[in-house]
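Student: My structure is below; once you've seen it, I'll send some questions.
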Amino acid sequence: MKQYDKLIFELSKKGRMGYSLPENKLPEYSFKAIPVALQRSLETGLPEVSEPEVVRHYTNISNRNFGLDTGFYPLGSCTMKYNPKINEEIAALPAFTSLHPLQPAETAQGALEVYYNLSQSLAEIAGLAAFTLNPFAGAHGELAGLMIMKQYHMKRGDLKRTKVIVPNSAHGTNPASAMVCGMDVVEVQSTPEGTIDVEALKPLLDETIAGIMMTNPNTLGIFETEILEIAGLVHAAGGLLYYDGANLNPLLGQCRPGDMGFDIMHINLHKTFSTPHGGGGPGSGPVGVAQRLVEYLPNPQIKKEGDRYFFVNGKDAIGSVSGFAGNFGVMMRAYTYILSLGKENLRQVGELATLSANYIKESLKEYYELPIKGICKHEFVFDGLADKSTGVTTLDIAKRLLDHGYHAPTIYFPMLFHQSIMIEPTETESLETMDEFIEVMKKIAIEAIEDPQTVKTAPHTTPVRRLDETTAARKPILRYVDLLNDTPES
Ligand SMILES: *Cc1c(COP(=O)(O)O)cnc(C)c1O
């Protein structure tokens, strides 16, 4: 094993140092001031290493990280587009990063202006009346949006409306958010073409329905062409329409959820409006609403009067859903992204994302089973290999892709199919990159027939092989001493 393949603790040599602190000049009594309970009784147990060892160690592990800056990342539903570096530069301007959330609004007018302008831009893009930027993620936006839905019915004294309809293709966060919001979930089936079955929806629409949650295009990448009829039916039954905006990317500048009849939506700024994300963040899930719901938006709200921006708390607001007013760094990136693209180029995002997805789908459909045919939007789903006779699964294909230097697509979601492989190339990949990916996907499909064992035992070239992901999630080993003792904390 090379030195830098070791854990930092394994490199430790007693007395080795990277840096020596100046001699302690604090008087004895300053230590006595620390309460006994807070005083250290054991050695720190920190690794003792030299500076080059530390630098090499962290540089080498950082190189094992896979990201958009290292390769193609076709992770469906996550919109892993390339994030322009200019966004980072603007978000890192000291005038913005040194803001304190508690400083008075008069001293942070520029930041409030960014918040205000961004919320106005999103309202125009979405075709809705107003946006809050306070929620920290898509799922957080869903919860805030459903709280607004609930508040709307409560304020009207319509207390029977406790159910939310969710399609069986929905992202897992949709039913989860409804449950967290204290609502019951009713599932509606999809047609063989992958869209909501309108005939199956009709009998569900009664006076107990608070609303429906949908994404359009849906998680199969298929545009719900019956959306106007669905909106009419739900509204006639007294319900509201919630739009999961995670799939907004292909619609940018083409059509607007508000015009389709949606009343509430969230946008995943980190997906559609470009912030590097993964591993849990950072995120931002702005929520937009139609005019009759504006008064329920969470606090604080940011308003403008003349040239002045200020915070207000609305009396019918659902309350506050986050500390302060959201994830400002992600807002800065989104605002920069929108301004640097401008209206015309924003339109191209959706067109190119749709073209890329259809190009890959059509190039591979003889090798992989395509359950929903026809034109997709920004993503599509294969149901495993076309030839399943050798028993090579979607997991095997995903693992084999790692050997070729690609991040795996989303697998086993949506759950409508047993072997889902969900591919979303986004608008930022070149034709050459997509052609290379297509060639590798074909090669794996052929290898699955000619040499299935190699695919079933992949990956072969990565630093670690197949991991026990369940144990890693259930019993993570978070401390070096636990690794040594092999006694994972529960
Ligand atoms: C990503 C995603 C969400 C959840 O968004 P987070 O920002 O990860 O909380 C919800 N719905 C769909 C369709 C998504 O792709």
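Student: Six or more apart or on different chains, Cβ under 8 Å: which pairs go from a residue in the stretch 242-255 that's in contact (Cβ under 8 Å) with a residue 12 or more places away in the chain and under 15 Å from Ile227 (Cα atoms) to one that's more than 13 Å from the ligand (Cβ to nearest atom) and among the charged types (D, E, K, R)? Could you list them?
Tutor: Close Cβ pairs (under 8 Å, with a partner that is more than 13 Å from the ligand (Cβ to nearest atom) and among the charged types (D, E, K, R)) amount to Tyr242/Asp263.
Student: Which residue, of Ser420, Ser389, Ser430, Ser363, is within 30 Å of Asn87 (Cβ to Cβ) and polar (S, T, N, Q)?
Tutor: Of Ser420, Ser389, Ser430, Ser363, the one residue that is within 30 Å of Asn87 (Cβ to Cβ) and polar (S, T, N, Q) is Ser430.
Listed here are the residues, each with its yes/no results for (1) touching a helix residue (DSSP H, G or I) at 6+ places or on another chain (Cβ under 6 Å); (2) in a loop (DSSP other than H, G, I, E, B).
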site: Gly283; (1), (2): yes, yes
site: Gly288; (1), (2): yes, no
site: Val294; (1), (2): no, no
site: Lys303; (1), (2): no, no
site: Phe311; (1), (2): yes, no
site: Lys315; (1), (2): no, yes
site: Ile318; (1), (2): yes, yes
site: Gly323; (1), (2): no, yes
site: Gly326; (1), (2): no, yes
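Student: Then there is this: Give the residue, chosen from Leu99, Leu68, that is aliphatic (A, V, I, L, M), in a loop (DSSP other than H, G, I, E, B) and within 25 Å of Ser356 (Cβ to Cβ).
Tutor: Step by step, each of Leu99, Leu68 is checked, and only Leu68 is aliphatic (A, V, I, L, M), in a loop (DSSP other than H, G, I, E, B) and within 25 Å of Ser356 (Cβ to Cβ).
Student: Might you let me know whether the stretch 374-381 holds any residue that is buried (at least 16 other Cβ atoms within 10 Å of the Cβ), more than 26 Å from the chain's Cα centre (by Cα) and not in a loop (DSSP other than H, G, I, E, B)?
Tutor: The answer is no; no qualifying residue exists.
Student: Give all pairs with beta carbons closer than 7 Å in which a residue from the stretch 445-468 that is in a helix (DSSP H, G or I) meets a residue that is hydroxyl-bearing (Ser, Thr, Tyr); count only pairs at least 6 apart in sequence or on separate chains.
Tutor: Ala445/Tyr367; Ala445/Tyr368; Glu447/Thr454; Ala448/Thr390; Ile449/Thr390; Pro452/Thr390
Student: In this structure, is Glu469 outside the structural domain of Pro167 (by TED's automatic domain parsing) and at pLDDT 95 or above?
Tutor: no
Student: With of a type in the set (A, V, I, L, M), within 21 Å of the chain's Cα centre (by Cα) and away from the ligand (no atom under 11 Å from the Cβ) as the only criterion, which of Leu241, Leu252, Leu233, Leu201 stands out?
Tutor: Only one candidate qualifies: Leu252.
Student: Report, by residue number, each residue of the stretch 56-84 that is charged (D, E, K, R) and over 19 Å from the mean Cα position of the chain (by Cα).
Tutor: Arg56, Arg64
Student: Name the pairs: first residue in the stretch 114-132 and free of Cβ contacts under 8 Å to residues at least 40 places away in the same chain and in the same structural domain as Leu99 (by TED's automatic domain parsing), second residue crowded, with 18+ Cβ neighbours inside 10 Å and assigned to a helix (DSSP H, G or I), Cβ to Cβ under 8 Å, at least 6 apart or on different chains?
Tutor: none
Student: Still on this structure: Which of the residues that make up the stretch 438-488 are touching a strand residue (DSSP E or B) at 6+ places or on another chain (Cβ under 9 Å) and farther than 19 Å from Pro409 by Cα?
Tutor: Correct list: Ile449 only.
Student: Which of the numbered conditions does Tyr367 fail, given that it passes all the others? Conditions: (1) touching a Phe, Trp or Tyr at 6+ places or on another chain (Cβ under 6 Å); (2) crowded, with 18+ Cβ neighbours inside 10 Å.
Tutor: Checking Tyr367 against (1) touching a Phe, Trp or Tyr at 6+ places or on another chain (Cβ under 6 Å); (2) crowded, with 18+ Cβ neighbours inside 10 Å, the one that fails is (1).
Student: Let me ask something else. Of Ala123, Ala139, which residue is part of a helix (DSSP H, G or I), within 12 Å of the ligand (Cβ to nearest atom) and at pLDDT 95 or above?
Tutor: Within the list Ala123, Ala139, the selection yields Ala139.
Student: Name the residue that is farthest from Ser121 (Cα to Cα), counting only residues in the stretch 275-319 that are surrounded by fewer than 24 Cβ atoms within 10 Å (Cβ to Cβ) and within 14 Å of the ligand (Cβ to nearest atom).
Tutor: Once the filter is applied, the top-ranked residue is Gly279.
Student: Further question: Against the condition more than 16 Å from the ligand (Cβ to nearest atom) and within 23 Å of Pro409 (Cβ to Cβ), how does Tyr82 come out, does it pass?
Tutor: yes
Student: Taking the conditions exactly as written (assigned to a helix (DSSP H, G or I), out of contact with any Cys (no Cβ under 7 Å at 6 or more places or on another chain) and not assigned by TED's automatic domain parsing to the domain that holds His418), does Ile230 satisfy them or not?
Tutor: yes
Student: Ok, one more. Which of the residues that make up the stretch 267-308 are among the polar types (S, T, N, Q) and under 17 Å from Arg333 (Cα atoms)?
Tutor: Hits for the stretch 267-308 are Asn268, Thr272, Ser274, Thr275, Ser284.
Student: Now for a different question. Step by step: first the residues of the stretch 150-190, then only those that are within 15 Å of the ligand (Cβ to nearest atom) and among the small types (Gly, Ala, Ser), then the one that is farthest from Leu293 (Cα to Cα). Which residue is that?
Tutor: Ranking the candidates gives Ser190 first.
Student: Of all residues in the stretch 53-106, which are of a type in the set (S, T, N, Q), surrounded by 11 or more Cβ atoms within 10 Å (Cβ to Cβ) and touching a helix residue (DSSP H, G or I) at 6+ places or on another chain (Cβ under 9 Å)?
Tutor: Scanning the stretch 53-106 gives Asn60, Thr70, Ser77, Thr79, Asn83, Asn87, Thr97.
Student: Looking at His270 and the list (1) in a helix (DSSP H, G or I); (2) more than 16 Å from the ligand (Cβ to nearest atom), which single condition is not satisfied?
Tutor: It is condition (2) that His270 fails.
The values are calculated or read from the model by the stated rules, or taken from the named source; none is laboratory data. Because the structure is a prediction, the values reported are computed rather than measured. So basically every Cβ, Gly included, is an ideal-geometry build from the backbone, and we count neighbours across all protein chains shown.
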